[in-house]
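Enquirer: Would you mind keeping the following structure in view while I ask a few things?
Read-outs throughout are calculated quantities, based only on the coordinates presented, and are distinct from any laboratory measurement. Treat the numbers as computed from the prediction; the structure is a model and nothing was measured. Don't worry about glycine lacking a Cβ; one is built from the backbone with ideal geometry, like all the others, and counts go over all protein chains shown.
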């Protein structure tokens, strides 16, 4: 359920709390405090008020904000009642149906973290691929308690920012999204390569996870980008460009097997809010790629 | 055991037969007939004489030449007494320790081919990767009997040519080899990238098969090439260039994970006797590759 | 003076003729005939009506339409009273201040054409560079009279289409423009190269003619493109990318002189209404370019 | 006239002086002193002996070694009797037929240098293009006298090393040469581009100077390299690859003018003894180049 900034500004404080329910999990007090600063000129201003409320709260209150968060990872077929937003975030990161062995690893890490710091491990998982989540977990288990409280709260605010961006319409959108896009150019023909199938995989410890499966349009691009309107999770990806069919169609195949058929391009994303344009310029016997803009 | 052309020319006919034992499996008559044309100026001339003896033989004799060949594929841990050359050729193609399921597929294909044509399927397996061997098998099962006899004999001659090249020293080497090589250039530094680990994998239906694991020298090349002095088997390959460590060493890594770390380059080889130079020109955020010479 | 489509539709026929004065030189009858088909839903529909009037006219009338056109080329410092639109078109193509020798060549070609066909050589010069204009002149001098009448009229309509696009505002713009743009990416740093000076030269028989002199913005692009909102004249161009200063600034220069300093990229344009995106991906020791989209 | 190291070792001291006449201009004493160290195992050892004789000489003797050198630059049509080696070195650098204005500039620089330091400006001009020679001149005019004496002597030794390499045959060649080469690969066809005309120009203040005009062989290379067996003069170069005809021949031209016809690649050489491999990978609508090895 979305709400416009104008409508939000017109609500009373209770209405604001209801409208922003779940942006901060089990913590209506955040919206309540921020509501005092109405009206908000932009969504960014609204978020700044929410963030200020959190950062200005007593240490114990902030600690309790973390405690409200569910543990990371769901067993395949398991059912833990969690907030709706949290559930879809888990699914996006592939944490919603872990195999037994993987789930046990998360459970052990959750327990270790909880026992060391007294609050659960909180991470804005929409900014991370699976391998990156585990690296964060291991790194943060070594942190100092005061730092971990601050880091956990910063992650709570990142989670809230993304949830808020989905909730709100109207002026001043809070855009902290990244973008992953591609473009296929046939340099033998001097035109975009249309109709080329492209798969995007997230690589990690286990089997690759299919993130997108698309076909280039007349301009050689994937309509709307491969990842857009959300952070690009920190991870290693592989794009698979199925160019063999394209060149066979123009009679340029050459050889059985052809020199080029499926072209993998493997790259790392370290800035989830960054722009990753990864084009392919390709002829039947050569190709190039780069991080573009 | 190798023999020089001069020494061979000096032998009597029985000596020539002994010296060339196994070049044509269980068929001393081929060397015997060719021996009449001594002396040979070059190894190529010697091979031409052997080939002429085979092609000029009675149809039934040629058929028997095929019948002498062992079936394709060895079960893991199994022991079928085969000629030494054939055994090492099987090992090179990864056909010497097939899992039960894979072995059963080869056994079925061997049986079907034998039953249809009355002689075994013969293929110069040093010119093919595993997937290509299966494609050949399936394609040739549909052939006409007369064509298959001719094709099988042509493959016998290809096998003999490679065995002969290993057996002989001296003038006029019979060179029908291919070559696969690479070169890594750091285009940010303007010099060859030394010390870069490169893996060469053969791709197929099952798990990738490691063919070479090497490190670039000071000139950014792999000493002696990746495949040289033999045909490059028809197959799809993947080169894995481990450039991440190289760029981290020069302080150019950038990001965690870095944009480029392990770069896969996937390409097909269709001409086993061709030259495949597949270089990589790479900077921390871009790379290009092509079929060079 | 521009006019909106709505205003034009509201005028009487005389008003339409006045509003479109000069779109067809000295030929008010074209607008007069087209005016009968008001109202026009789009500028494209208006142009179709004008074109239909021209193509439907008697041969003698069409011939007179050509005769109204001024000869090509103006002597440096000379003054021939010509229609305002024609004057600016001449200036754009560099035909407005020819040196004596060059002017004499145009004068001779104009005279030869006029004497052969009985009407002047007409060409939509906004679609051609200087060298292409001369090639057209020489090619068309060999044409058959009937073809040349048709070709000249087609060029009159091309000239009119471009003039009309400038005259009209409102729905359905008549867009038959091309575009020439570029983009500079620093592949060592993985970002657009900002602040890079780029010159665009038109090459021909004489000295190169500077067409644009620009600096890349934060996204590595030239704001608004190098040529936009008009056809890209048929010609050979050279882009000069001054990348030396960019790499020196990031400490990557290397060598005196540096390996790369000013990078020329020379290319031909044959489709004036096409899109020519000519990017440069560059590191201190390598670069690539291609026709993009 | 060349001499082998064995023959030189067998000569008496006067013979050595005669055999090495002109390696150090008007300075027989250098060879005379070095002769005492016979026999020489390699040409490099011989050169080390000559260099040691020079560096060990009294300051006044070293100064006189510089004084023996002729001024830089010859007027077009002028005749100054100079040593034969010096004359051919002047011709190689394009300093042997200067126009009046250019000659005057050199004359003024020679005079200024002579008047400031008391000895002429000496430079190993085979290591420099014309523009680099002038830059050196201007830079060194600002030097301190003691430094200039040392720099001049170092240049005398560089000149001698190159002259000695031409004079001597036999073991241990003194190789301090550079190399400039290229390679053209057609990435649409996956093969070397044979028969492509390549011009190499040296750029400078005036008109470009043609250094080489060659055609690629079947492997897409220029036989023997573009510059080999001598230093590559410090300069800015432009390679002009005439690829248009190549693509037209394979029916890939496209457009009039074609997108790619003559491709200029401009690059700087700063290490005369370095290896500069500057290949072109090209399809009808894209190309790339880099400093290879």
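Enquirer: Taking the Cβ of each residue in A:237, D:24 as the centre, tally the other Cβ atoms inside 10 Å and list the residues starting with the fewest. All intermediate terms of the calculation are to be shown ahead of the outcome.
Expert: On the way: A:237 26, D:24 23.
The fewest-first ordering by Cβ neighbours comes to D:24, A:237.
Enquirer: Counting residues in region C:178-289 as N, plug N into 2.2 N^0.38 Å and put the Cα Rg over that result.
Expert: 1.07
Enquirer: Tell me, what is the FRET efficiency for residue A:150 and residue A:194 to the nearest 0.05, using R0 = 51 angstrom and their Cβ-Cβ distance as r?
Expert: My answer for the efficiency is 0.55.
Enquirer: Report, to the nearest 10°, how far helix D:43-55 tilts away from the longest principal axis of the Cα atoms in chain D, using its own Cα long axis and a range of 0 to 90°.
Expert: Rounded to the nearest ten degrees, it is 50.
Enquirer: Next up: Need one word for region D:87-171: rounded, prolate or oblate. Basis is the Cα gyration tensor (sqrt eigenvalues a ≥ b ≥ c); a/c below 1.5 gives rounded, then a/b vs b/c decides. Please list the in-between numbers first.
Expert: Numbers: a/c = 2.48, a/b = 1.28, b/c = 1.93.
Because a/c hits 1.5 or more and a/b fails to exceed b/c, region D:87-171 counts as oblate.
Enquirer: Right, something else. Connecting C-alpha atoms closer than 10 Å in a GNM of chain B, tell me which of B:37, B:167, B:126 has the biggest fluctuation.
Expert: B:37
Enquirer: Here is a follow-up. Using the count of nearby Cβ atoms within 10 Å as a rough guide to exposure, how do D:55, B:95, C:46 rank from fewest to most?
Expert: Values: D:55 12, B:95 19, C:46 29.
Listing D:55, B:95, C:46 from fewest to most nearby Cβ atoms yields D:55, B:95, C:46.
Enquirer: Which FRET efficiency, nearest 0.05, do residue B:38 and residue A:107 yield, Cβ-Cβ r, R0 60 Å? It would help to have the intermediate numbers written out before the result.
Expert: Values: r = 79 Å, r/R0 = 1.32.
After rounding to 0.05, the efficiency reads 0.15.
Enquirer: Assuming 0.890 mPa s and 25 °C, estimate D for region C:3-169 with Stokes-Einstein, Rh taken as the Kirkwood radius over Cα pairs, in µm²/s.
Expert: Values: Rh = 16.7 Å.
The Stokes-Einstein estimate is 147 µm²/s.
Enquirer: Using a label point 7 Å beyond Cα on the Cα-Cβ vector, give me the inter-copy distances for residue B:264 in nanometres, one decimal, shortest first.
Expert: Nearest to farthest, the other copies are at 0.1, 4.3, 4.3 nm.
Enquirer: Which Cβ of chain A lies nearest the axis of the rotation superposing A onto B, and at what whole-Å distance?
Expert: Result for the axis mapping A onto B: A:288, 2.
Enquirer: While we're on this one: Could you tell me the calculated FRET efficiency between residue C:14 and residue C:76, based on Cβ-Cβ distance and R0 = 41 angstrom, to the nearest 0.05?
Expert: Details: r = 40 Å, r/R0 = 0.98.
It comes out at approximately 0.55.
Enquirer: Could I ask something else about it? Quickly work out the residue C:88-to-residue B:217 label distance, labels modelled 7 Å from Cα along the C-beta direction, and quote it in nm with one decimal.
Expert: Calculated label separation equals 6.7 nm.
Enquirer: Across the residues of C:190-196, average count of Cβ atoms on other protein chains within 10 Å?
Expert: On the way: counts 16, 5, 2, 0, 0, 0, 0.
Mean partner shielding for this stretch: 3.
Enquirer: If you don't mind, there's one more thing I want to ask. What nm value, rounded to one decimal, do you get for the distance between residue B:262 and residue A:21 when each label is placed 7 Å out toward the C-beta?
Expert: In this crude label model, residue B:262 to residue A:21 measures out at 4.8 nm.
Enquirer: Using a label point 7 angstrom from Cα along Cα-to-C-beta, what distances in nm, from shortest up, separate residue D:139 from the other copies?
Expert: For residue D:139, the other copies' label points sit at 4.5, 5.1, 6.1 nm, shortest first.
Enquirer: Expressed as an acute angle from 0 to 90° and rounded to the nearest 10, what is the orientation of the C-alpha long axis of helix C:145-167 relative to the principal long axis of chain C?
Expert: Approximately 70 degrees, to the nearest ten.
Enquirer: As I understand it, the value is the acute angle between the Cα axis of helix C:100-117 and the longest principal axis of the Cα atoms of chain C; what does it come to in degrees, rounded to 10?
Expert: The angle comes out near 40 degrees.
Enquirer: Shifting gears a bit: How long are the semi-axes of the equivalent ellipsoid of the protein assembly as shown, taking √(5λ) for every eigenvalue λ of the Cα gyration tensor, in whole Å from largest down?
Expert: 55, 52, 40
Enquirer: So for A:261, B:21, fewest C-beta neighbours within 10 Å to most, what's the order? Intermediate results must be reported in sequence, preceding the final value.
Expert: Values: A:261 19, B:21 16.
The most exposed by this proxy come first: B:21, A:261.
Enquirer: Between copies, how close do the residue C:176 label points come, placed 7 Å along Cα→Cβ, listed in nm from shortest?
Expert: 5.2, 6.1, 6.7
Enquirer: Here's something else I'd like to know. Specify the inter-centroid distance of region B:11-46 and region D:120-197, based on alpha-carbon positions, in whole Å.
Expert: One Cα centre to the other: 57 Å.
Enquirer: Rounded to the nearest 500, what is the 222 nm mean residue ellipticity of chain B from helices alone, with -39500 (n - 2.57) per DSSP H run of 4+ residues and division by all residues?
Expert: Working: 10 runs with 110 residues, N = 293.
The per-residue figure over chain B is -11500 deg cm²/dmol.
Enquirer: Extending each Cα 7 Å along its Cβ direction at residue C:29 and residue D:166, get the distance between those two points in nm, one decimal.
Expert: The answer from the label model is 8.0 nm.
Enquirer: I want to verify a result. In a Gaussian network model of chain C, Cα cutoff 10 Å, which of these has the top mean-square fluctuation: C:272, C:120, C:192?
Expert: Fluctuation is largest for C:192.
Enquirer: Next question, about the same structure. At q = 0.09, 0.10, 0.11, 0.17 Å⁻¹, what log₁₀ I(q)/I(0) does a Debye calculation on the Cα points of chain B give, no solvent, two decimals?
Expert: Results for chain B at q = 0.09, 0.10, 0.11, 0.17 Å⁻¹ read -0.55, -0.65, -0.76, -1.30.
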